Structure formats: C-alpha cells, structure tokens
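Engineer: Shown below is the structure under consideration.
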Amino acid sequence: MSDTPGAPVAGVNCVTPDGLRPDAVRVPGTTRRGRPCALVDNTGDALPRAELESLLADLIAADAFGFRAASLAGGDTLDLDTPQAAHVQVAGRLYRLLVHRFEARLEPF
C-alpha cells in the first residue's frame, strides 16, 4: 500500500478527477427541448440498462434537466448552478440521484 495521498489502494475502485468510477455507465438522451443529456450510473453495481433508460425517460418527461434557479431557505439570492438531489430505488436498492445541468448521476450511499 502506498503512503502517497490520492494513490490507488489495492481492491478499491478509484474515481477519476471528475468523480466518475472507471466502470461508470453513461446512458445518453435528449431533453424535450432537444439538448443532449445523460444519466450516469456511478454506483459500481452494474444496474440493468433497461432500468437506467426508464429512469432517464422519467427525468426527461419531468423536465428535470437544465438550469434551475434555487435559493437557500429564506435566502435573498438565486443560484443557477445548484445541483438538485433526491433518492431513488433501482433494482431494489436505494441510491442518491444528483441532477446538475444536463447530467444526472446515480451514486451509492
């Protein structure tokens, strides 16, 4: 095992600088306004592609992609770059869903 900070540890899946695992699965799509979007399975659990495609279709139908104006509770300013978070169940397991601009990511807890 290396003592170097950030060095890979044997038996552990490391993430890339953008936070994606090497085995992340990207499912591309198009928003209702014609913009490219994607759902990224960053769980490492090899979730069924059909379920990922269904979740992406639901997100597109709900118009979940794009910039959203959000403020902290009681705040006076809006932030257009705030990710939205939720929890979803896929293949019988609970995951964190993060939607930021035109990408949604499934993350493990």
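Engineer: So, in segment 1-54, of the ones that are at pLDDT below 85 and polar (S, T, N, Q), which residue ends up surrounded by the fewest Cβ atoms within 10 Å (Cβ to Cβ)?
Structural biologist: Thr4
Engineer: Take the residues in segment 91-109 that are over 15 Å from Leu52 (Cβ atoms) and either touching a Leu at 6+ places or on another chain (Cβ under 6 Å) or of a type in the set (Phe, Trp, Tyr) (or both); name whichever of them is modelled with the highest pLDDT.
Structural biologist: Selected residue: Phe102.
Engineer: Under 9 Å between Cβ atoms, which residue pairs at least 6 apart in sequence (or on different chains) link something in segment 54-74 that is in a loop (DSSP other than H, G, I, E, B) and among the charged types (D, E, K, R) with a partner that is open to solvent by 60 Å² or more (accessible area, probe 1.4 Å) and modelled with pLDDT of 60 or more?
Structural biologist: What qualifies is Asp63/Arg32; Asp63/Arg33.
The values are calculated or read from the model by the stated rules, or taken from the named source; none is laboratory data. For clarity, every value in this text was computed on a predicted model and none was experimentally measured. Positions of Cβ are generated from backbone atoms using ideal geometry, with glycine treated the same way; all protein chains shown enter the neighbour counts. What goes into the accessible areas is simple: the full protein's heavy atoms, side chains included, and nothing from ligands, DNA or RNA. Shrake-Rupley method; radii C 1.70, N 1.55, O 1.52, S 1.80 Å.
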